[in-house]
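Accompanying notes for the structure given below.
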């Protein structure tokens, strides 16, 4: 990786690497090795969650890396069953302890879990953590526009990030437009649609034209549209390949062609009905 990584400046002035490393569904016993490979490859942003059960594996990799804490950007997330004001504060302390950190860079409400209707109380707890300097930025994950409206209407901190499933086959344009309206950065999870779009002829033709892999082309599609992305892999070659995407550009026509692949293909649950 010879080209410097771009960063995104969040709405509170905190800068975040535009490309990070996700550890969704990576078993805790395999997490340290995967994150260590990622850190060695140049990743400096690591995205985990309490629900993943691998925060301790992330801790091991960070501690063994020798990379200064200030050079890392660590995200974790509040699980649905821990929502509520006091329980959110407790869950934050638990995650911080498992990660072995003094502070977090980004803390997210993992899902709105609308049936429980506790995400507003959870957001107030995140505002407290932010005000106390225990987390540099706070945000949400999988929030629909109506969920964002309720948070914004509180008149307090505007979420810095909304992390949503987003890839060429599910572009979530309404949510991304709402994010932009509020100055919220869009972060894409499952940015490669769990490989579902990587064999599409549109993607493979663009990849061949650039001498790149299909995954690299899709990640570039995201990056050039200003999104934060967190590809996940446990394969060392793919981990390195996924960060080697900063020295080529897609044309406007190529971006448009990939954008034509929208087909409402959801690889995860729907935020309106998922309650965990």
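Can you give the calculated 222 nm mean residue ellipticity of the chain, where each DSSP H run of n ≥ 4 adds -39,500 (n - 2.57) and the sum is split over every residue, rounded to the nearest 500 deg cm²/dmol?
The per-residue figure over the chain is -12000 deg cm²/dmol.
Multiply the residue gap between residue 103 and residue 260 by 0.36 nm, knock off their C-alpha separation, and tell me the result in nm, one decimal place.
52.4 nm
P(r) tail for the chain, what percent of Cα pairs lie past 34 Å?
14
How much of the DSSP beta bridge set in segment 7-259 is antiparallel, as a percent to the nearest 5?
Expressed as a percentage, antiparallel bridges in segment 7-259 total about 15.
Could you list 157, 58 in order of exposure, starting from the residue whose Cβ has the fewest other Cβ atoms within 10 Å?
157, 58
Taking only Cα atoms, what is the 0 to 90° angle, nearest 10, from helix 28-41's long axis to the longest principal axis of the chain?
60
What number in nm² do you get for segment 106-145 if you take the convex hull of its Cα atoms and divide its surface by four? Could you put the intermediate results ahead of the total?
On the way: hull surface 10.9 nm².
If I average the Cα hull's projected area over directions, I get 2.7 nm².
Tell me, in nm to one decimal, what length is gained between residue 94 and residue 124 on full extension, where the rule is 0.36 nm per residue of separation less the Cα-Cα distance?
Value of the extension gain: 9.0 nm.
Between segment 126-172 and segment 191-252, what is the C-alpha centre distance in whole Å?
Cα centres, segment 126-172 to segment 191-252: 26 Å.
What is the projected area of the convex hull of the Cα atoms of segment 222-270, averaged over all directions, in nm²?
4.8
First obtain the Kirkwood hydrodynamic radius of segment 125-276 from its Cα pairs, then insert it into the Stokes-Einstein equation at 20 °C and 1.002 mPa s, and state the resulting D in µm² per second as a whole number.
129
Taking neighbour counts of Cβ atoms within 10 Å as a proxy for exposure, in what order, fewest first, do 62, 152 appear? Each step should come with its number before you reach the end.
Values: 62 21, 152 17.
If I rank by nearby Cβ atoms, fewest first, I get 152, 62.
Starting with the highest mean, order 234-240, 246-252, 139-145, 101-107 by the number of other Cβ atoms within 10 Å, averaged over the residues of each peptide.
Details: 234-240: 15.0, 246-252: 13.3, 139-145: 23.0, 101-107: 20.0.
Ranking, from highest mean packing down: 139-145, 101-107, 234-240, 246-252.
Taking the chain as the reference, fit the longest principal axis to its C-alpha atoms, fit the long axis of helix 201-210 to the helix C-alpha atoms, and give the angle between the two in degrees, 0 to 90, nearest 10.
70
Between residue 158 and residue 181, 0.36 nm times their residue separation minus their Cα-Cα distance comes to what?
Contour length minus Cα-Cα distance gives 7.1 nm.
If each of residue 224 and residue 247 carries a label point 7 Å out from its Cα toward its Cβ, how far apart are those two points in nm?
1.8
Taking only Cα atoms, what is the 0 to 90° angle, nearest 10, from helix 173-182's long axis to the longest principal axis of the chain?
50
Relative contact order for the chain: what percent, with Cα pairs under 8 Å and sequence separation of 6 or more? The partial results should precede the final answer.
On the way: 516 pairs, mean separation 56.8, N = 276.
Contact order relative to length: 21 percent.
From the square roots a ≥ b ≥ c of the eigenvalues of the alpha-carbon gyration tensor of segment 1-95, which class results: rounded (a/c under 1.5), prolate (a/b over b/c), or oblate?
oblate
So how do 129, 108 line up by other beta-carbon neighbours within 10 Å, fewest first?
Lowest to highest Cβ neighbour count: 129, 108.
Values quoted throughout were computed directly from the atomic coordinates according to the rules given, and no laboratory measurement underlies them. Note that this is a predicted model, so its numbers are computed, not measured. Virtual Cβ from ideal backbone geometry, glycine too; neighbours counted across all protein chains shown.
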